[in-house]
Amino acid sequence: MEAYAEVKASTFRLPEAGIYTVQAPDSFPQAAYSRTKKGALSISVDPTILAPTNEGFTLRFTKVSATVFKRDGKNASQVGDYLKACGITGSYSSEQELADAVEQTAGKVYQVKLDWRAYNKNTGFSLQGMNRFPKNEDGTHQSWVEDPSDKDPQTGKPVRVRANIQVDRYISSTN
């Protein structure tokens, strides 16, 4: 079995917090569209990092919601922020028009600010921000944290909750 590929040590590192250039998926299948708990349109936009590091890493489970909220006295939404980051502007009077606008972002390149978040659904424990995670001996941040209120039933030790990378902000292409 001389051509057998041996298992190698993992060199994967979670992308560090910062600004990244990403690319929207090539298409948005029907499964990308869903509803929030309150019934608003939600769209999975899972971008792929292009630069400056972690090229090819896909930000899975990245959704934008059409839920409208106030920002500086004006209406805003995650979908609106996403569209602006992709260079798409306009007003939309229906969910179908909004979905059509998102479809126009297929393959578009845009920028986002990424950061880390660990969340334990069993206890509600949450830690946000890479800089709040403990540091390893080499000065990098470890990509997990112990939940002080959740113990492993077999060992009695605190449960480790791993960090996920998430979009903290979509950077408007008009800035």
Residue span residue 5 to residue 40: 0.36 nm per residue of separation minus Cα-Cα distance leaves a gain in nm of 7.9 nm
For 37, 157, order by how many other beta-carbon atoms lie within 10 Å, fewest first: 37, 157
Reciprocal mean inverse distance between Cα atoms of region 88-137 - Kirkwood radius, Å: 14.9
Structure-derived semi-axes √(5λ) of the Cα gyration tensor in Å: which label, when the choices are [x] 29, 18, 14; [y] 33, 22, 17; [z] 25, 21, 16: [y]
Return the distance in nm (one decimal) between the two label points of a simple spin-label model at residue 75 and residue 136, each offset 7 Å from Cα along Cα→Cβ. 4.7
Out of 116, 139, 58 - ranked by how far each Cα lies towards the positive end of the dipole of the chain, with unit charges on the beta-carbon of charged residues - the top one is 116
Most exposed to least, judged by fewest other Cβ atoms within 10 Å, 60, 132 sort to 60, 132
In the structure shown, of 74/121; 38/70; 38/108; 121/157; 38/121; 63/84, the pairs separated by more than 21 angstrom at the C-alpha atoms are 74/121; 38/108
What's the exposure ranking of 48, 123, 62, going from fewest to most Cβ atoms within 10 Å? 123, 48, 62
For region 115-165, the Kirkwood Rh over every pair of distinct alpha carbons, in Å, works out to 11.3
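Read-outs throughout are calculated quantities, based only on the coordinates presented, and are distinct from any laboratory measurement. No experiment lies behind these values; they were computed from the predicted model shown. Because the Cβ atoms are built from the backbone with ideal geometry, glycine has one as well, and the counts that use them run over all protein chains shown.
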